[in-house]
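Colleague: The structure follows.
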Amino acid sequence: MRRHPLSAPRRVTYDDYLFAAAMTLVRRHRPVWSWRRWRRACRCGADLPCRVRHRLPIGRDQWPGEA
């Protein structure tokens with residue numbers, strides 16, 4: 001079975017995982033102008049400062065293949 005050349009790699013390093021998770025949080029939780037509220041609000045919909053706490057589910061010590 002042949003994989004598509006643009007498909008995601010099967011194994012990801014912890015640093016790549018951490019970077020992808022951080023970039024997702026940055027995109028989701030940043031201040032934007034809300035035309036309905038007529039003020040700046042967090043992109044997730046919460047008032048600023050957004051205090052939503054996000055935890056990364058996997059720590060480096062639990063990551064397979066890295067010591």
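The values are calculated or read from the model by the stated rules, or taken from the named source; none is laboratory data. Predicted model, so just to flag it, every value in this text is computed and none were measured. All Cβ positions, glycine included, derive from the backbone under ideal geometry; neighbour counts span all protein chains shown.
Colleague: Which residue is modelled with the lowest pLDDT, if the candidates are limited to region 21-41 and must be closer than 26 Å to R60 by Cβ, exposed (fewer than 11 other Cβ atoms within 10 Å of the Cβ) and not charged (D, E, K, R)?
Modeller: Top of the filtered list is V26.
Colleague: Something else about it: Within the set of pairs 6+ apart or on separate chains, which have a first residue in region 23-38 that is without any contact (Cβ under 8 Å) to a residue 40 or more places away in the chain, a second that is charged (D, E, K, R) and part of a loop (DSSP other than H, G, I, E, B), and C-beta atoms under 9 Å apart?
Modeller: Listed by first residue and then by second, the contacts come to R27/R43; R28/R43; H29/R43; R30/R43; P31/R43; V32/R43; R37/D47.
Colleague: Let me ask you something else. Considering only region 3-19, I want to know if a residue exists there that is part of a loop (DSSP other than H, G, I, E, B), surrounded by 10 or more Cβ atoms within 10 Å (Cβ to Cβ) and at pLDDT 80 or above.
Modeller: Residues of region 3-19 that are part of a loop (DSSP other than H, G, I, E, B), as a first pass: 3-13.
Restricting the remaining residues to those that are surrounded by 10 or more Cβ atoms within 10 Å (Cβ to Cβ) gives 12-13.
Checking the rest, the ones that are also at pLDDT 80 or above come to 12-13.
Looking for residues that are part of a loop (DSSP other than H, G, I, E, B), surrounded by 10 or more Cβ atoms within 10 Å (Cβ to Cβ) and at pLDDT 80 or above, one finds at least one in region 3-19, hence yes.
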